[in-house]
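Before any comments, here is the structure.
Coordinate-derived values only; no laboratory data. All of these numbers come straight from a predicted model, not from anything done at the bench. All Cβ positions, even for glycine, are placed from backbone atoms using ideal geometry, and neighbour counts span all protein chains on display.
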Amino acid sequence: MEIFEYIFYLGVINIVFSTGWKILATVTSSLLNDMGINKDSSFLFFKALGYYILVSLAALVTFSHMDATYSLAAVSYAIIGTFVIYATIASNLERNRWRAVMNFERKRVRVMRFDGYLLMACIVLFIITILKPEIANLPPHKWLLATIDKIYQTAILKYIIGFFAFFYMLNIIFRGIKASDEVFSILFNRKRKSPDTQRPGNDGGFTEYEEVTDDSTTLPK
């Protein structure tokens with residue numbers, strides 16, 4: 001199915017670009033730090049720039065799929081693409097924050113207080129780009145997409161990248177199902193029945209006499 005191939009290829013882009021960008025950002029940040037430039041500032045700069053490029057590439061791929069299909073399917077690509085970008089970036093930001101906390105990097109944690117704004121900016125950028133793809137249809141972005149495709153088509157790397165992209169796709173689908181279930185629960189006001197709210201009936205079964213709504217909140221990861 002084309003929609004799964006689309007999610008899979010977004011995974012390929014995310015894996016290849018993120019790996020290359022992490023190496024580049026780490027080496028460059030170390031060099032800048034040796035020159036006296038604050039490492040946390042360079043970290044924030046490379047993180048923001050990296051997500052700008054990643055979102056732009058994903059938006060260009062999304063638009064190409066939207067442009068090649070009919071209106072209803074195009075809307076589906078836009079919605080799914082937005083969710084994929086949200087799930088990917090939110091997961092990355094949370095994982096990076098957890099690592100910084102575990103490593104007692106207090107300065108890095110303080111820099112990460114802007115992560116919520118960064119996530120919102122990425123979503124807005126993605127939506128604007130699929131509506132106005134010319135703002136991202138730039139030579140560097142075209143070169144990156146062509147390079148990523150060449151790397152993915154390499155004999156050995158294709159299977160390695162494809163392996164991780166497959167699990168990326170499954171993770172996105174699982175998150176989508178979970179999010180959909182939560183949305184339906186809110187829309188239809190589902191109620192869970194507590195075992196303590198049932199009493200024996202005349203037929204030996206249980207008779208419901210009260211409904212209890214679940215007001216518990218879910219903690220973030």
Those residues of the range 35-52 which are under 24 Å from the mean Cα position of the chain (by Cα) and not acidic (D, E), in sequence order: S41, S42, F43, L44, F45, F46, K47, A48, L49, G50, Y51, Y52
Members of the range 58-67 found to be in contact (Cβ under 8 Å) with a residue 40 or more places away in the chain and among the hydroxyl-bearing types (S, T, Y), listed by number: T62
Test: residue in the range 68-75 that is surrounded by 15 or more Cβ atoms within 10 Å (Cβ to Cβ), touching a residue at least 24 places away in the same chain (Cβ under 8 Å), assigned to a helix (DSSP H, G or I) and out of contact with any strand residue (DSSP E or B) (no Cβ under 7 Å at 6 or more places or on another chain): no
Residues (of a type in the set (S, T, Y) and in a helix (DSSP H, G or I)) located in the range 128-183: T129, T147, Y152, Y159, Y168, S180
The range 144-162, residues that are among the charged types (D, E, K, R) and either touching a Cys at 6+ places or on another chain (Cβ under 9 Å) or over 22 Å from V55 (Cα atoms) (or both): K158
